Amino acid sequence: MWSWSDVVTPWDVKQYAYCPLIPWIARAYGVREPETLGMAWGREERASRLRRLEGLGLEPPLRFDVQLYSPRLRMAGVADAVAGERRLTVVEVKAFARRRFDHFRAQLMAYALLCEECLGPTRAALLVLGDRVRAWDVTRDALSEAERLALRVRQALESERPPPAQPGPKCAGCWYRRFCPNW
């Protein structure tokens with residue numbers, strides 16, 4: 001039996017890629033950013049984006065909200081969608097387009113790693129950002145990179161000390177700054 005507090009999640013990986021302090025603060029202080037109006041709208045909009053995936057020509061079957069857990073990785077999450085039977089494609093859907101999305105790619109590759117571990121060979125990863133779709137091949141190198149990042153996240157979450165992070169412009173609008181040792 002496992003608990004969400006004992007596993008690394010793709011959310012943790014995404015936040016760590018954005019700022020290593022966010023998942024540490026969330027776990028150490030037991031806090032999460034309250035849902036904003038934009039988050040609520042994005043969640044509602046997500047349903048229509050998921051329905052639109054059916055028009056992308058993904059290999060059937062197309063499964064939504066796929067629960068994944070890997071005891072080896074001590075990692076768990078719920079992928080927005082997984083398509084295919086033998087050569088899988090994992091999909092992460094975001095309601096809004098963004099210029100910077102490296103942290104979303106890190107989250108997507110964490111889902112690809114989980115998908116590979118739990119369901120089988122995962123060959124592609126799609127990130128839907130508003131009306132745009134970005135695609136990546138899921139290679140051994142990409143999976144190894146995702147696993148190394150997940151390990152760094154685990155080490156940060158299990159540490160009593162916050163991970164090092166450089167303050168920057170994104171800190172000004174960060175909800176977590178009220179708990180941040182750098183602020």
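No value in this document is a laboratory result; all are computed from the given coordinates. Fair warning: this is a prediction, and the values are worked out from it, not measured in the lab. Because the Cβ atoms are built from the backbone with ideal geometry, glycine has one as well, and the counts that use them run over all protein chains shown.
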In nm, to one decimal, how far is the W41 label point from the R152 one, both placed 7 Å along Cα→Cβ? 3.4
For an R0 of 22 angstrom, estimate the FRET efficiency from the Cβ-Cβ distance between R52 and E85 and round to the nearest 0.05. 0.55
Write down Rg/Rh for the chain, rounded to two decimals, with Rg from the C-alpha atoms and Rh from the Kirkwood relation over Cα pairs. 0.96
Of 94-104, 113-123, 7-17, ordering from highest average Cβ density within 10 Å down gives 7-17, 113-123, 94-104
Just to verify a number: FRET efficiency for R123 and W183, C-beta to C-beta distance, R0 = 41 Å, to 0.05? 0.45
Sort all Cα-Cα distances of the stretch 120-179 into consecutive 5 angstrom bins from zero, then give the percent of pairs in each bin up to the one containing the longest distance. 4, 12, 13, 15, 17, 19, 14, 6, 1
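From the alpha carbon gyration tensor of the stretch 24-115, can you work out the equivalent ellipsoid semi-axes (sqrt of 5 times each eigenvalue) and give them in Å, largest to smallest?
24, 20, 12
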Mind listing P(r) for the stretch 1-58? All alpha-carbon pairs, 5 Å bins, whole percents. 4, 14, 16, 17, 18, 16, 10, 4, 1
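From the helices alone, meaning DSSP H stretches of at least four residues, give me the mean residue ellipticity at 222 nm for the chain, per-run term -39500 (n - 2.57), in deg cm²/dmol to the nearest 500.
That calculation yields -12500 deg cm²/dmol at 222 nm.
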Would you please put 164-174, 39-49, 80-90 in order of how densely packed they are, using the mean number of other Cβ atoms within 10 angstrom per residue and starting with the highest? 80-90, 39-49, 164-174
Mind checking which helices in the chain clear 20 Å along their axis (Cα) and have mean Kyte-Doolittle hydropathy of 0.0 or more, DSSP H runs only? 102-118
